[in-house]
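Down below is the structure, laid out as structure tokens.
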Amino acid sequence: MGREVLRAVGSDPAFEVVAAIDRSEVGTNTRELAGPLGPSVIVEEHLEPALDRTKPDVTIEFSHQSVALDHARAATERHISFVFGMTGISEANLAQIRQLCEQHETPGMYVPNFAIGAVLMMRFAEIAAKWLPDAEVIEFHHDRKEDAPSGTAMLTAQKIGEARVNQPTPLPKPLIKAEGARGGQVGNVPVHSVRLPGLLAHQEVIFGGPGEILTIRHDSLDRASFMQGVKLCAKTVRQLKGLTVGLDKILF
């Protein structure tokens, strides 16, 4: 994902890339990683010295959720906004990150999914849930993705649960022959996670009603699908206040 971000912002005159951090590519010129459309900076290992030296307006990060809190602290203490795309950040860490944004009066964003189509898919599901309360979510991701369900699936299920006017149809007591066969419950919505080589990021939301089925599906076929949202967040984040969660907050 970092290479795709470098290509996207490096080819956009609205951005100037001043630093790049990646522990596995230290000393490499980013143009070797991202190609001729990428910027030309040397990859560094440590975030804080790079922030002190370059003083950027915004950081864009797709690393690991385990460093989210530390990196949010490093940015906000220097009044640098951040856009986080790492998946699996816990609610407890989000609460602490929100507190850091407020304490240092520095806005930041955490975005479970940067694809415009994925955000529209969630909005359509939210609308449908008012009229069709019976729903299940199936999300499909590549085999390297650690967390399950995905942040997008969790957020979709939460939005469905909040948008319902009526409760879903009561089901008979299930006979579970294999643990997890009915998925996990998020906001009283069953969520199923598939992890396979060859997939990137895909999600179906299936609604059922008397005599009808409604399926809303989004497919990210290339990481380029996330870049419009990434750039929009980076351009907008400093106009916000506190911690903003979700691309929908600036689209709608």
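Against the main long axis of the alpha-carbon atoms of the chain, helix 91-103 sits at an angle near 40°.
How big is the dipole moment of the chain about its Cα centre under a simple scheme where the beta carbon of each Lys and Arg is +1, that of each Asp and Glu is -1, and everything else is neutral? Debye, nearest 20, please. Show your work: numbers first, answer last.
Working: 26 positive and 31 negative charges, 93 e Å.
Around 440 debye, computed over the chain.
Considering all projection directions equally, how large on average is the shadow of the alpha-carbon convex hull of the chain, in square nanometres? It would help to have the intermediate numbers written out before the result.
Details: hull surface 59.9 nm².
Mean shadow area of the hull around the Cα atoms is 15.0 nm².
When the Cα positions of 201, 236, 220 are compared along the charge dipole of segment 108-242, 236 comes out farthest toward the positive end, with charges on each C-beta of Lys, Arg, Asp and Glu. Between residue 169 and residue 238, the FRET efficiency estimated from the beta carbon spacing at R0 = 51 angstrom works out to 0.65. Between 223, 53, 73, the Gaussian network model of the chain with springs among Cα atoms under 10 angstrom shows the greatest mean-square fluctuation at 53. With one equal scatterer per alpha carbon and no solvent term, the Debye-computed log10 I(q)/I(0) for segment 144-239 at 0.15, 0.24, 0.25 1/Å reads -0.81, -1.43, -1.46. On a per residue basis, segment 75-149 carries 44 Å² of accessible surface, using protein heavy atoms and a 1.4 Å probe. Treating each Cα of segment 2-106 as an identical point scatterer and summing with the Debye formula, the log10 of I(q)/I(0) at q = 0.18 Å⁻¹ comes to -0.89. Across the options 138, 106, 191, the greatest Cα extent toward the positive end of the charge dipole of segment 105-252 (unit charges at beta carbon of Lys, Arg, Asp, Glu) belongs to 106. Relative to the dominant Cα principal axis of the chain, helix 151-163 is inclined by about 50°.
Size check on segment 62-163: the Cα extents along the three principal axes, sorted descending, read 46, 31, 24 Å.
The values are calculated or read from the model by the stated rules, or taken from the named source; none is laboratory data. What you are looking at is a predicted structure, and each value in this text was computed from that prediction instead of being measured. Every residue, glycine as well, gets a Cβ built from its backbone with ideal geometry; the counts of neighbours run over all protein chains shown. SASA here: full protein model, heavy atoms, side chains in, ligands and nucleic acids out. Shrake-Rupley method; radii C 1.70, N 1.55, O 1.52, S 1.80 Å.
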